[in-house]
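One structure is given here, and the rest of the page talks about it.
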């Protein structure tokens with residue numbers, strides 16, 4: 001049944017990614033849309049694997065649990081997307097300090113994303129054993 005689980009999760013995640021990308025229009029996603037999809041896909045799968053099944057079944061899959069958590073996670077991720085035109089003001093005219101701070105912040109977010117992806121993969125693998 002894992003194939004049907006993945007199929008339902010894929011369909012739900014594709015629909016949610018399209019709705020969020022087109023509906024919110026906060027920023028041109030570009031390559032970040034793939035990362036958004038990946039986090040949403042793995043998060044929905046991990047939650048569906050750990051949450052007790054409830055709601056109607058479709059082809060033996062409790063799709064409502066996947067849908068509810070997918071919407072919840074998608075909205076949280078959409079809230080983290082910065083606005084399209086964001087102005088950043090630094091104290092004084094020291095522009096290089098602002099660039100260093102922004103670079104350090106991006107490096108911290110990159111590390112957080114990788115830890116999140118690895119953690120979700122571990123949660124998925126453990127749930128099937």
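Take each of the peptides 35-47, 67-79, 112-124, average the number of other beta-carbon atoms within 10 Å over its residues, and list them starting from the highest.
35-47, 67-79, 112-124
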What distance in nm separates the two pseudo spin-label positions at residue 2 and residue 115, each 7 Å out from Cα along the beta-carbon direction? 2.8 nm
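Read the figures in this text as sums done on the coordinates, not as results from a lab. This is a predicted model, so every value here is computed, not measured. Here the Cβ is made from the backbone with ideal geometry for all residues, glycine too, and neighbour counts use every protein chain on show.
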